[in-house]
Amino acid sequence: MEKIKKAVLAYSGGLDTSIIIPWLKENYGCEVIAVSGDVGQGTELDGLEEKALKTGASKLYIEDLREEFVYDYIFPTLKAGAKYEGEYLLGTSFARPIIAKRIVEIAKQEGAEAIVHGCTGKGNDQVRFELTIKAFAPEMKVIAPWREWDIKSRDDAMDYAEEHNIPLKITRETNYSKDKNLWHLSHEGLDLESPENEPMYGKILEMGVSPELAPDKATYVTIEFDKGIPVAVDGEHTDGVTLIEKLNKLGGENGIGIADIVENRLVGMKSRGVYETPGGTILYKAHELLESLTLDKETMHLKKLLSYKFADLVYNGQWFTPVREALSAFVDNTQKYVSGKVKLKLYKGNIIPAGMWSPYSLYSEEVASFGESDYNQRDAEGFINLFGLPVKMNALLRGEITEMSDYK
């Protein structure tokens, strides 16, 4: 391996990145600068600097990215209504570009020759990190130890950690692969690798409880939006970070937002994971309901189609691309009138609509009412005749009706 003088490592303090520091020093002989992006991991950041320095890093940057994460990544994806394969709310996917972007900035500032990440060769994250690096530092060398070293499994990685006296917060029995941020918590590995196994929710859940353990009494919550962006909960206006934290608590207590998914990874294989996204699941539902009130049919239907493409782009690490930016511009235009309030009932894992209001509502009770109104029902006859004209002409010209007198 060629020797380099300085490398910047995307550092979480988990199993993989903990062993990468001594491995880099052994194999590349370089100074290692660790960078952790704070996207809402909470207590996972406690003691991180001491650990990084003890394992050989020369310094650790901990960058507070939470506000940028919410307003520049989470909310644009929420406004798009993007769900990968209809279920996954992209919690890990859109956290990678913001972290990688900041790492590139620090690498340039420090005059580093390489950027290092701990993503495996089987996963999506390697693509997400490296596409972002290509977007902002196309000349930068990337080192991915999982694609180079002799370590083949998480057990091997734990052996390496023990041999090098690297402290870990996990054991072989709790060695799930997890990713936590403000938006979600993912769980993979161990018993979850077999789709036949029911998840042991009592063992793995951290952001909330299973629906069976949620309260027997429903919780009501009202969310206010301004141009597609959530701005208040139960009448209390707050910043986006605090708003998501509050909804995470409410959702978690009521068993909301637990998803057990077998998904198609970008690299070709299927993987099984359990995701906790309590606040995000509430926000998606509220936003969808408000759009049903404020968007016209054609805009809503086209936006729904494009939301699948948007989700694919985010999942595939293509955040910093012209097509994603173009889709976001379309989405922003559709959100001009997505303002108002949505009331929801949270009950044992369910989100039940309980009323909504918008000053830009396209719903007219007077027009839609089953009671007496100014709507002229005779207008429907002409509409049906014109709408059905292609059907009628097809039947006539295909010979299914042989004479005009047969058509009544």
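The values are calculated or read from the model by the stated rules, or taken from the named source; none is laboratory data. All values reported here derive from a predicted model rather than from experimental measurement. Positions of Cβ are generated from backbone atoms using ideal geometry, with glycine treated the same way; all protein chains shown enter the neighbour counts. These accessible areas exclude ligands, DNA and RNA; they are computed on the full protein's heavy atoms, side chains included. Shrake-Rupley method; radii C 1.70, N 1.55, O 1.52, S 1.80 Å.
Values as computed for the structure displayed
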| quantity | calculated |
| --- | --- |
| Qualifying positions in the stretch 161-191 - in a helix (DSSP H, G or I) and within 25 Å of GLY273 (Cβ to Cβ) | ALA161, LEU190, ASP191 |
| Any pair with Cβ under 9 angstrom, 6 or more apart, that starts in the stretch 363-375 at a residue that is among the charged types (D, E, K, R) and ends at one that is exposed (fewer than 10 other Cβ atoms within 10 Å of the Cβ) | GLU366/ASP374; ASP374/VAL367 |
| Filtered residues of the stretch 53-73 (kept if among the aromatic types (Phe, Trp, Tyr) and either farther than 29 Å from CYS30 by Cβ or over 25 Å from the mean Cα position of the chain (by Cα) (or both)) | PHE69, TYR71, TYR73 |
| All positions within the stretch 206-248 that are open to solvent by 30 Å² or more (accessible area, probe 1.4 Å) and over 26 Å from SER358 (Cα atoms) | GLU206, MET207, VAL209, PRO211, GLU212, LEU213, PRO215, ASP216, LYS217 |
| Residue identified as part of a helix (DSSP H, G or I), touching a Ser or Thr at 6+ places or on another chain (Cβ under 7 Å) and open to solvent by less than 20 Å² (accessible area, probe 1.4 Å) among PRO97, PRO76 | PRO97 |
| Single residue of ALA10, ALA34, ALA82 found to be within 26 Å of HIS164 (Cα to Cα) and either open to solvent by 10 Å² or more (accessible area, probe 1.4 Å) or touching a residue at least 40 places away in the same chain (Cβ under 8 Å) (or both) | ALA10 |
| Among (1) open to solvent by 80 Å² or more (accessible area, probe 1.4 Å); (2) modelled with pLDDT of 95 or more, the one test that GLU366 misses | (2) |
| Residues located in the stretch 310-330, provided they are under 15 Å from the mean Cα position of the chain (by Cα), open to solvent by 30 Å² or more (accessible area, probe 1.4 Å) and closer than 14 Å to PRO76 by Cβ | GLN318 |
| From GLY91, GLY40, GLY29, GLY118, residue being closer than 29 Å to ALA157 by Cβ, part of a loop (DSSP other than H, G, I, E, B) and open to solvent by 30 Å² or more (accessible area, probe 1.4 Å) | GLY29 |
